[in-house]
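Step one of this worksheet: look at the structure below.
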Amino acid sequence: MKQFLIFIFCCAGITQVWAQPSTPKKVTFFGAARAQFYSDSYAPSMEDTITAAKLNSGNVLADLGMKVQANKQMEILAQVRVRNDYGGFWGSGVSFDVRQLYVRGLIANRVRYHLGDFNYKMSPYTLWNNDQELMPFATSGLQQQWGVLNYDHFYNNDHSWRQQGAAADVSFLFSKGIESLSLKTMTSRIRSTDFANTPDRLFSGVTAEFMVNKQWSADVLYTNTYDLKGTSNNTTLLRIPVVTSSVQYQNVFGKSKLSLKAEKGWSHQYHDNPGALEHKRGQFVHANGIWSMEEEGLSMDVSWNRVDANFRSPGAQTKRLNFGGIPSTFERVGNDQVLRGLNSLDLMRESSLYNMQLQTSLMDFRMEYDNITPYGVATPNRQGVDVKLNYKKQNNPFDVSLVYYQGQETRGEGTQVARSFQRQSVRVGYESSHDEKSEETYITIQLQYRNDNTRRELPEVLPQVDWNNQVLSSSLDLHWNKRWVTNLGWQSIQFKGSEVQSVKDFNGEIINFKPYVQDGSEQMLNVGMTYHFSKQSFLSAQWNSFHRQDELVSATDYRWKQWTLLYVMNF
Amino acid sequence: MKKLWILLLCLPFWNACKVDPDFDGPDLNDLYGPFALTEGLNSSRDSVDFASGESVLFTAGFSKRVDWTIGIKGLTSGAHKEQKEFGSLVAFDWKGETTFFPMFRSEWCAVELTVENQPDTLRDTVYIVAPKVNNGFLLSDFEMGLNPSWQSFIQSGQNMNFGLLNSGDIPQGQRAYSMGGTVTWDWLIGMIDIPASAYDLSHYPLSSNANNVYFNMLMKKPAEYDNGVLLLRFMEDDNEDGSFTAGSEDMYAIEIKGGPDGWRLVSLKYNDIKSLVNGVESAPDGNAIHEPNKLFQVSMLFLANPASGYSETAIDYVIFTEGSPLAP
């Protein structure tokens, strides 16, 4: 480690690139305010004389932040959240939290550092925050609610995870050999000790990016999820190191651009108390080629990957959604007051279902919503080809994207016969022509459809796998002028067939199987109006009618109507 | 240089695109497949002489992996051997050992093969010409009575019951040794000293490797009495002067109490036996090295809390084995 640091500083002395920051304001105030109100009514298909048919809930909050530019090379940010839940009186429902706090700056104009809270991503196989299920299919009116969840949990479009710890990076330019080298490193605490049997758990990552020339580049990434020795009485300490390396090539041929990438990685999950638990060694390989013609608006993206069943990378496989959670709205239903299962409406409003900590075991997923890539591109036990075709041309009102995936397991579950997976997806967007500066009326239309199939053919006496789920989403937005928008949307999720769920022990080993049969759907109609005060602030009133149908168990068949009032302001 | 990069680009895909021959989790066929007998219960011989090293192989086959149990019952002794395994093939090689006492004798045995969650039972019989012989140094199986060279002390309490058992529940042969009584003034009810000299030896004929030597005996805890404690003492002649001198030579001891009702096998690795003072582990008085080759005397003290009333135990087939514990 010492030699590594000496190397960094020696290299930094030879050459360095860093933009000199201009002198900004000394203190900047920023923040956001939000008011959210739900009015729900529940109508089951079976007699239910106990569950309250109507519920009201909501909250008002303000995130107040202050950014201090201590000097040219140091910045301090602190933000607090004041929240008052609907129904709280005289301070009983009020909470104060520190939402984020960090210090960042430059050391000797060479090394950039960041201490405290930060967002960090590396690659889809090392540290990557995959989108939650169904979010890409949200209609425009419902995207506002997904946005609230994503804002609260620091889920960003760049797929970074919110971490608390330290990060640093430095870049070098070279006159011979390679053009540049970029080094990045971070460490965060993903679980704190209980001072008894649970040790501190840390996550560290290192990235080295080599730019050979304009065509060729390569990188090496390393992450490790590890328990810190001595922080508890527990001597069985987990280690999950992951190493990946990739080579990339890109070039321009006339009007088209070609980009190729090959990546391979290894993971090793073990405990440093010998013999405590089984080791898991896994690897992956990924190839990707993108051909694009920018002038024509066309691009084709072809990927092939193989991820071993034993490949484990907590940074890439942790899910946003915790499907083991319990909904807070209509938590128990029916005359027997049984726990209500999660549905797609819960996913876009239940903040408590969302996870911000990296998890070392594979989290539960719902095959109704995604049975093929529940852990993103790093989903273990998958191999297949993914083809994406995109068309989006400037000044053309239409944009289209098509996706086809054909894959299979790398290792069977309960049998040598692997499941096969097939996915077809299409998205069509339309935006009528209009002048951005004028207040003329225009419409945007979006249609999305995804069809997933999972199959495994075995002798008839054994449980069959023939699972299909479809997601259809359509939305129409009428922009009356710059401020008023009418939102119309409809989303349909259908799931039908038989699957075999695996039952796992605490170490993630499959110990049993459970046949799973479903035949149902979830339909959601959305009508609403949004008024935009500015690009950063809006007031929205939305009405949703949700219907869950279950052809097999009528007790879980119900309707749910929801009024939402949402006010968001950023400053 | 360019070729090198292209090679690096292609290298990761070497040997990819295949499905592992193994699979995760239990076999679905075991869980959900139909059950059928592919091979009936067969035994490799009708009669077996375990004493001469023979064994009998039981085989059977199923269409899927199941939990199967072979039970072998001695029709005269009532001895019972039980073997449970999980698999689609039965290949159990029986060498005459027992799971539930008593031990097998020369007798006819009934063999039953059962499969969990299946109603049918497969049956066979086998005749034991001569039972299994256990290798080791046998202190006594009490078939010839109490060794006259053993020294015993029995308190003059009430209902004292020290002597041979020759009827009822005997785990090996026809006889065992009982110890019982009520002593209201002392923990000690009675004791037996078994010196090496009882076998015309200066020391027990055991190897010097304490990790290789096992003390074994069959012991009974009556269902009615839980208050008995059997204290075993192992006295070494560290200086090899032909005697044990308390306070200057090693004495290792262990207390055996509680446990399941009925007969059970007690097997102790010699190296695991500690030095005790009033039941508490302490440093040995001698060279503190477990030396079974210098074992001078074994003592068995039967104890009980004086306030707890009558107490009783019984022992049989006391034997030292080497290499492994007794497999009766």
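The values are calculated or read from the model by the stated rules, or taken from the named source; none is laboratory data. This one's a predicted model, so the numbers in the text were calculated from it and none came from an experiment. We place every Cβ from the backbone using ideal geometry, glycine too, and count neighbours over all the protein chains shown. The accessibility values were calculated without ligands, DNA or RNA, using every heavy atom of the protein model including side chains. Shrake-Rupley method; radii C 1.70, N 1.55, O 1.52, S 1.80 Å.
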Look at B:V48 and say whether it is farther than 30 Å from B:L165 by Cβ, among the aliphatic types (A, V, I, L, M) and more than 14 Å from chain A (Cβ to nearest Cβ).
no
Please find, within the range A:482-513, the residue that is nearest to the other protein chains (Cβ to nearest Cβ) out of those that are open to solvent by 30 Å² or more (accessible area, probe 1.4 Å) and not in a strand (DSSP E or B).
A:E509
Subset of the range B:295-328 (residues that are farther than 25 Å from B:N271 by Cβ and either small (G, A, S) or open to solvent by 10 Å² or more (accessible area, probe 1.4 Å) (or both)):
B:A304, B:N305, B:P306, B:A307, B:S308, B:G309, B:Y310, B:S311, B:E312, B:A314
Given (1) open to solvent by less than 50 Å² (accessible area, probe 1.4 Å); (2) closer than 26 Å to B:E322 by Cα, B:F100 misses just (1)
Out of B:Q158, B:Q172, which single residue is open to solvent by 40 Å² or more (accessible area, probe 1.4 Å) and among the polar types (S, T, N, Q)?
B:Q158
Only one of (1) without any contact (Cβ under 8 Å) to a residue 60 or more places away in the chain; (2) within 14 Å of chain B (Cβ to nearest Cβ); (3) open to solvent by less than 60 Å² (accessible area, probe 1.4 Å) fails for A:M211. Which number is that?
(3)
Among the residues of the range A:297-315, is there at least one that is of a type in the set (S, T, N, Q), free of Cβ contacts under 8 Å to residues at least 60 places away in the same chain, open to solvent by less than 30 Å² (accessible area, probe 1.4 Å) and closer than 29 Å to A:M122 by Cα?
no
Which condition breaks for A:V333 when tested against (1) β-branched (V, I, T); (2) within 14 Å of chain B (Cβ to nearest Cβ); (3) buried (at least 20 other Cβ atoms within 10 Å of the Cβ)?
(2)
Inter-residue pairs, beta-carbon under 8 Å, first in the same structural domain as B:R233 (by TED's automatic domain parsing) and closer than 12 Å to B:M235 by Cα and in the range B:268-282, second in a strand (DSSP E or B) and open to solvent by 80 Å² or more (accessible area, probe 1.4 Å), 6+ apart:
B:K274/B:E281; B:S275/B:E281
I'm trying to understand the selection: among the residues of the range A:333-380, which are at pLDDT below 90 and among the polar types (S, T, N, Q)?
A:N335, A:Q337
Unique residue being assigned to a helix (DSSP H, G or I) and at pLDDT 90 or above when the list is A:L106, A:L149, A:L127:
A:L149
Within the range A:64-94, the residues that are open to solvent by 50 Å² or more (accessible area, probe 1.4 Å) and outside any loop (DSSP other than H, G, I, E, B) are A:L64, A:M66, A:K67, A:N71, A:M74, A:I76, A:V80, A:R83, A:N84, A:D85, A:V94
A:A378 vs (1) touching a residue at least 40 places away in the same chain (Cβ under 8 Å); (2) under 28 Å from A:G520 (Cβ atoms): all pass except (2)
For the range B:230-252, which residues satisfy the criterion of being more than 19 Å from the chain's Cα centre (by Cα) and buried (at least 17 other Cβ atoms within 10 Å of the Cβ)?
B:R233, B:F234, B:M235, B:E236, B:D237, B:D238, B:F244, B:E249, B:D250, B:M251, B:Y252
Can you pull out the residues in the range A:312-330 that are within 19 Å of the chain's Cα centre (by Cα) and either within 14 Å of chain B (Cβ to nearest Cβ) or more than 24 Å from A:R201 (Cβ to Cβ) (or both)?
A:R312
Does B:A110 meet the test of being of a type in the set (A, V, I, L, M, F, W, C), modelled with pLDDT of 95 or more and either in a loop (DSSP other than H, G, I, E, B) or surrounded by fewer than 19 Cβ atoms within 10 Å (Cβ to Cβ) (or both)?
yes
Return the residues of the range A:451-473 that are within 14 Å of chain B (Cβ to nearest Cβ) and either on the phi > 0 side of the Ramachandran plot or buried (at least 16 other Cβ atoms within 10 Å of the Cβ) (or both); say none if nothing qualifies.
A:R456, A:L458, A:L462, A:P463, A:Q464, A:V465
Which residue out of A:L277, A:L237 is more than 12 Å from chain B (Cβ to nearest Cβ), open to solvent by 30 Å² or more (accessible area, probe 1.4 Å) and of a type outside the set (D, E)?
A:L277
Are there any pairs, at least 6 apart or on different chains, whose C-beta atoms fall under 7 Å, with the first in the range B:61-87 and under 13 Å from B:F104 (Cβ atoms) and the second surrounded by fewer than 15 Cβ atoms within 10 Å (Cβ to Cβ) and aliphatic (A, V, I, L, M), and if so, which?
B:K73/B:A110; B:L75/B:A110
